[in-house]
Amino acid sequence: MRPSKVARAAGTGASVPIESCQVCGHSPLDVVLSLGYMPPVNQMVPVGQVPRQLPWFPTTLLHCRKCDLVQLGLAVDPTIIFPPEYPYTSGTTKLLRDNFADLQRESAMMLGLGEKDLIVDIGSNDGTLLSNFKTGGQRVLGIEPTDVGEIANQRGIQTIKRYFGIDVAREVKREFGAASVVTAANCFAHIEDVHAIVDGIVEMLKPDGVFISESHYLIPLLETLQYDTIYHEHLRYYSLTSLKHLLDMHGLEVFHARPIPSHGGSIRVYAARRGTHTVEESVGRMLDNEPRGDAMVGRLDKFKNDVILSKLRLLSMLRDLKEKGARIAGISAPSRASTLVNYVGLDEGLIDYVCEIAGSLKIGKCMPGTQIPVVDESRLYADQPDCAIIFSWHIAGELAPKLKAKGFHGTLITPLPEPRTL
Ligand SMILES: [Zn+2]
């Protein structure tokens, strides 16, 4: 059954507690873990500004006993979470660019896509994903409400600058015809009314059209203790079990699924109207490996305990360093760093500064909720602090050799899943 009430914070300028499951409407939801109150991850005050009051929001992870969806306990108005001055562009990370190229190759081959096929991407950002389909010879259309959509239009990826919903879906179908493929990468966890989104997707699809989604995947999140990906942008943390349940409610059948490396562990899922595609073995295999019901409750309980221990271990490591008089810096200020810094309680007394690559809009601002300044990466090489914590630890394998090659002699630390020196 669909939820009778959707927690809507959009347009309120504030937040709304999520009191029943966003997918099945069940209540009450079980509390998995509370990370305390957190500032919005993009709330970055200029360095040197006199401190003044700022909003903080409760950050609680909840679990639905009925459909196993893991979800946030609070919806915050998107205007607070996504301020226009910090546009996120998906084309900037090599890992993400490679992943989207792979998505095009895989789906074009699997579905036999040709030049007549229309590919619609929801939350199309700067058009990075669609550019692969365009190169592949397919017709493409993006839907992106923010100004980033302009970048896509300029590079020749036609993009409608609107919030996606059933009206836009009908309009697209009328003007462009039905879509062979609809994609949604990483926006499927953000949007408040997920059922309305799936309604719109089904509306646009050809009878045998395919919906491909990519989302953060709950299982690696639990396994590698990525509690730092819990923040207010992410309303839902899908397993294949919970995603399948959601799509089933709309007559869509998952016929292929596989893990992908994006964002420290994501899942790519193919779905279509029931009976139109052969269900591959991959689906059953992934479902079998996911905990469900009581097993999920036990798994989440272990996660909570491990998160608490990880915080204490990181603090203990930093205490030892500080007792020896070490100077500590941070490397990179992704959104996830805000959760880690604030949950662990790192501040300007412990971390001298955080480095971002030249050109980053975050330089000259403070890490959310703290007075730790974000500075140009060149400072790291001139200053040579004793150690540096890599906040983008999920890509530490890619970053660490670069930092060494550029001349950093200090110790590198990754904070998760276990704090350790590289
Ligand atoms: Zn539920």
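If P40 meets every condition in (1) within 13 Å of the ligand (Cβ to nearest atom); (2) touching a residue at least 40 places away in the same chain (Cβ under 8 Å); (3) out of contact with any Cys (no Cβ under 6 Å at 6 or more places or on another chain) apart from one, which number is that one?
Against the list (1) within 13 Å of the ligand (Cβ to nearest atom); (2) touching a residue at least 40 places away in the same chain (Cβ under 8 Å); (3) out of contact with any Cys (no Cβ under 6 Å at 6 or more places or on another chain), P40 comes up short only on (1).
Find all pairs meeting these conditions: Cβ atoms under 8 angstrom apart; at least six residues apart or on different chains; first residue within the stretch 95-114 and more than 18 Å from A257 (Cα to Cα) and touching a residue at least 40 places away in the same chain (Cβ under 8 Å); second residue in a helix (DSSP H, G or I) and aromatic (F, W, Y).
Matching pairs, first to second residue: L113/F133.
Cβ-Cβ under 6 Å, sequence separation 6+ or interchain: first residue in the stretch 64-83 and within 16 Å of the ligand (Cβ to nearest atom) and modelled with pLDDT of 90 or more, partner part of a strand (DSSP E or B) and open to solvent by 10 Å² or more (accessible area, probe 1.4 Å). Which pairs?
Q71/L62; G73/T60; G73/L62; A75/V16
Would you kindly identify the strands (runs of 3 or more DSSP E) lying entirely within the stretch 196-279 that contain at least 3 residues that are open to solvent by less than 20 Å² (accessible area, probe 1.4 Å), within 23 Å of N99 (Cα to Cα) and within 16 Å of the ligand (Cβ to nearest atom)?
none
Here is a yes/no grid of residues against (1) of a type in the set (S, T, Y); (2) in contact with a strand residue (DSSP E or B) (Cβ under 9 Å, 6 or more places away or on another chain); (3) open to solvent by 20 Å² or more (accessible area, probe 1.4 Å):
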site: P78; (1), (2), (3): no, no, yes
site: D98; (1), (2), (3): no, no, yes
site: R105; (1), (2), (3): no, no, yes
site: D121; (1), (2), (3): no, yes, no
site: S131; (1), (2), (3): yes, yes, yes
site: I143; (1), (2), (3): no, yes, no
site: R155; (1), (2), (3): no, no, yes
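What are the residues in the stretch 355-383 that are open to solvent by 50 Å² or more (accessible area, probe 1.4 Å) and either in a loop (DSSP other than H, G, I, E, B) or in contact with a helix residue (DSSP H, G or I) (Cβ under 9 Å, 6 or more places away or on another chain) (or both), if any?
Across the stretch 355-383, the qualifying residues are I357, A358, G359, L361, I363, Q371.
Here are some residues: G284, G330, G345. Which one is more than 21 Å from S213 (Cα to Cα), more than 22 Å from the chain's Cα centre (by Cα), of a type outside the set (K, R) and open to solvent by less than 60 Å² (accessible area, probe 1.4 Å)?
The match here is G345.
Could you list all residues from the stretch 150-187 that are in a loop (DSSP other than H, G, I, E, B) and free of Cβ contacts under 8 Å to residues at least 60 places away in the same chain?
R155, G156, I157, Q158, K161, R162, Y163, F164, G165, G177
The values are calculated or read from the model by the stated rules, or taken from the named source; none is laboratory data. This one's a predicted model, so the numbers in the text were calculated from it and none came from an experiment. Virtual Cβ from ideal backbone geometry, glycine too; neighbours counted across all protein chains shown. Please note that ligands, DNA and RNA were not included when accessible areas were found on the heavy atoms of the full protein model with its side chains. Shrake-Rupley method; radii C 1.70, N 1.55, O 1.52, S 1.80 Å.
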